[in-house]
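The values are calculated or read from the model by the stated rules, or taken from the named source; none is laboratory data. None of the values given here were measured: they were computed from a predicted structure. Counting neighbours? That spans all protein chains shown, and the Cβs are built from the backbone with ideal geometry, glycine included.
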């Protein structure tokens, strides 16, 4: 079996295609959440906290030296980290709600229609009467 044939069979599996679609949609969803956090959620929070732009918060370890071009500012941008944590919490909440909705829908929908119950087995006396009836029918057909 050639490598190309194996690769084609691998790609044609439903799980791989579903995974690819999930990754693409997840990337797009990430961009939407980033926009939501940066442009909708953080401005009011910054307003409440006195106009602080969280994305610009940083802890400067070494400041710029304008006299030399070689030394650049070294800083830990914890404000960007705060934005990323908020983005993560929004994505986690959205995924939680999605999974919860799917689980609720699965519980409400019946898995399979129930098969009608099998008729009860005849009692021993009913079985004996059925056998006698069948014998009488067979005997009546021979004499007639």
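Give the residue, chosen from 71, 132, 102, that is assigned to a helix (DSSP H, G or I) and modelled with pLDDT under 85.
Among 71, 132, 102, only 102 is assigned to a helix (DSSP H, G or I) and modelled with pLDDT under 85.
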Can you name the condition, by its number, that residue 29 falls short on among (1) under 34 Å from the mean Cα position of the chain (by Cα); (2) without any contact (Cβ under 8 Å) to a residue 60 or more places away in the chain?
(2)
I need every pair where a residue in the stretch 41-53 that is at negative phi and free of Cβ contacts under 8 Å to residues at least 24 places away in the same chain has its Cβ under 7 Å from the Cβ of a residue that is part of a helix (DSSP H, G or I) and exposed (fewer than 10 other Cβ atoms within 10 Å of the Cβ), sequence separation at least 6 or different chains.
none
Residue check, residue 5 against (1) out of contact with any helix residue (DSSP H, G or I) (no Cβ under 8 Å at 6 or more places or on another chain); (2) surrounded by 10 or more Cβ atoms within 10 Å (Cβ to Cβ); (3) modelled with pLDDT of 85 or more, all met but one. Which one?
(2)
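Looking only at the stretch 57-67, decide whether some residue is in a loop (DSSP other than H, G, I, E, B) and touching a helix residue (DSSP H, G or I) at 6+ places or on another chain (Cβ under 6 Å).
We begin by selecting, within the stretch 57-67, every residue in a loop (DSSP other than H, G, I, E, B); these are 57-58, 63-67.
Pick out the ones that are also touching a helix residue (DSSP H, G or I) at 6+ places or on another chain (Cβ under 6 Å) and you get 57.
So far as the stretch 57-67 goes, yes, one or more of its residues are in a loop (DSSP other than H, G, I, E, B) and touching a helix residue (DSSP H, G or I) at 6+ places or on another chain (Cβ under 6 Å).
Going through 82, 71 one at a time, which residue ends up being out of contact with any strand residue (DSSP E or B) (no Cβ under 6 Å at 6 or more places or on another chain), free of Cβ contacts under 8 Å to residues at least 12 places away in the same chain and surrounded by 11 or more Cβ atoms within 10 Å (Cβ to Cβ)?
71
Looking only at the stretch 108-129, which residues are in a helix (DSSP H, G or I) and modelled with pLDDT of 85 or more?
124, 125, 126, 127, 128, 129 - these are the residues of the stretch 108-129 that are in a helix (DSSP H, G or I) and modelled with pLDDT of 85 or more.
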Report yes if some residue within the stretch 41-57 is at pLDDT below 85, farther than 19 Å from residue 88 by Cα and surrounded by 12 or more Cβ atoms within 10 Å (Cβ to Cβ); otherwise report no.
yes
